[in-house]
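Engineer: The structure that follows is given in the form of structure tokens.
The values are calculated or read from the model by the stated rules, or taken from the named source; none is laboratory data. Not measured: the values here are computed from a predicted model. Heads up, the Cβs are rebuilt from the backbone with ideal geometry, glycines too, and the neighbour counts pull from every protein chain shown. SASA here: full protein model, heavy atoms, side chains in, ligands and nucleic acids out. Shrake-Rupley method; radii C 1.70, N 1.55, O 1.52, S 1.80 Å.
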Amino acid sequence: MNPNDDSSSLIITDLFRVLTMSKDERHVAAYHLYNDVIQRMKTYVTDVEDDPHRLLYDDNDNHDDDLQASEQVSSMSHTNVSRYQNGVVGLVMTLLYDKRKEFENVRARGMEFLRVQYNLNVENVDSEWLYAQTMFGISTHYRLEEDHSLTVKLEGELSGVSLFEQLCVLREVDMYNEWAPFCNKSVLLKQIGRIDVIAHHVITVPFLFLSREVIFEAKGCDCMKEDGSILISAKSAVQEDFPSVNFPPKPRRYGSDRMHVKEFQAQIDVLSPTCARTRVIANVDPKLFLPQWLINFSMKKIAGIMLVYLLRMAKKIEKNPECPHGKRIVEDKSFYLEWVWPKFEEYCEELDW
């Protein structure tokens, strides 16, 4: 973690910092500090009867692993909390219980983005990637999985335009139809907090009589202070998980279907104010048979040029602030100008950029 985020001498203070980090979309940092708090509880309660894991949880299992213990915050009981109302332990226990849903979210989000970091930074020696192409410094690889799904890997540096504009293009999911190849419809179904979204996209290749749509949920994580990166995690969304969101009906037209995005993971490493290295791994079930010619077409004409088109749109924003994306930046002042921009300024100042 960043030195500024090292644990303090007060556990109760650090728990409040965990919640603050989570609200600021710093989910990995919040997760590490939260687990540190669980570990440090052991130093406050050392005898067998008052094992900190038993203070925190109802079950009688021996939780030797801190991660396993932290996973069960939701099972904390009123009885255990009431036993320790006085002193630091009592304050910590009360806060953990009162905010158990928030801390469970800290754990879940932290683990999700740690998986993103692992998958994008650790080479899988068992994976046999097939090379598709390299265009403008962006390399595209793919592999067919045993379940007939397709996994795509993109990697390269995007330079010549500020990451601020690049993030605007990524975030405004209802405007993908203006730049993403073959995307002829993009709708924001629900904005959840600053970053999380539920969206509906339709990709149509008219001369192949193919149309595929996807409804997905996407989340983001700010790791700028930790390692200078931004993480994205997305997957197909299902109505049961979002009953209040109005999902469009599944298409029934010939040549149309709803594909399933099993996993989409991305890491954007900031290399300079105008350069970023982007890595993406996505596993998709397109709901159709994939002959080699169709795979080649998808890799070269859709996936392989996605980042190139993103960069082009970002450059348009920089050159013409009055374009639709530029106007969105002004309209959403609280996000772009009051939250994102100060983060970039602080990061650039720390590195003397």
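Engineer: If DNA, RNA and ligands are ignored and the probe is 1.4 Å, what is the ranking of GLU104, GLU25, GLU240 by accessible area, most exposed first?
Structural biologist: Largest accessible area first, the residues go GLU240, GLU104, GLU25.
Engineer: Which whole-Hz ³J(HN,Hα) couplings does region 177-182 yield from phi under the Karplus relation 6.51 cos²θ - 1.76 cosθ + 1.60, θ = phi - 60°, glycine and proline marked x?
Structural biologist: 5, 8, 9, 6, x, 6
Engineer: Peptides 339-348, 296-305: what's the order by average Cβ count within 10 Å, highest mean first?
Structural biologist: Details: 339-348: 14.7, 296-305: 18.5.
The peptides rank, most packed first, as 296-305, 339-348.
Engineer: Something else about it: Per residue, what accessible area does region 94-200 have, given a 1.4 Å probe and all protein chains present, in Å²?
Structural biologist: Numbers: 5330 Å² over 107 residues.
Value for region 94-200: 50 Å² per residue.
Engineer: Residue by residue through region 194-205, which ³J(HN,Hα) values in whole Hz follow from phi under the Karplus form 6.51 cos²θ - 1.76 cosθ + 1.60 (θ = phi - 60°), with glycine and proline marked x?
Structural biologist: 6, 10, 4, 9, 10, 9, 10, 10, 10, 10, 10, 10
Engineer: May I pose another question? Along the charge dipole of region 195-313, which of LEU210, THR278, ASN246 sits closest to the positive end, that is, farthest toward it, with unit charges on the beta carbon of Lys, Arg, Asp and Glu (+1, +1, -1, -1)?
Structural biologist: Checked the options; the winner is LEU210.
Engineer: Is the shape of region 258-305 best called rounded, prolate or oblate, per the rule: a/c under 1.5 gives rounded, else a/b larger than b/c gives prolate, else oblate, with a ≥ b ≥ c the square roots of the Cα gyration tensor eigenvalues?
Structural biologist: It comes out oblate by the Cα gyration axes.
Engineer: Now for a different question. Which order do you get for TYR176, TYR34 if you rank them by accessible area with a 1.4 Å probe, largest at the top?
Structural biologist: The ranking, largest first, comes out as TYR176, TYR34.
Engineer: Using the Cα centre of region 165-280 as the reference point, and only Cβ charges (+1 on K/R, -1 on D/E), how large is the resulting charge dipole? Debye, rounded to the nearest 20.
Structural biologist: Here region 165-280 has a charge dipole of around 420 debye.
Engineer: Please turn the phi angles of region 317-331 into ³J(HN,Hα) values with the Karplus equation 6.51 cos²θ - 1.76 cosθ + 1.60 (θ = phi - 60°), one per residue in order, whole Hz, x for glycine and proline.
Structural biologist: Karplus-based 3J(HN,Hα) across region 317-331 equals 4, 5, 7, 9, x, 8, 5, x, 5, x, 5, 5, 4, 5, 5 Hz.
Engineer: Please compute P(r) over all alpha-carbon pairs of region 148-290, binned at 5 Å starting from zero, and give each bin as a whole-number percent.
Structural biologist: Pair shares across the bins are 2, 9, 16, 21, 21, 15, 9, 5, 2, 0.
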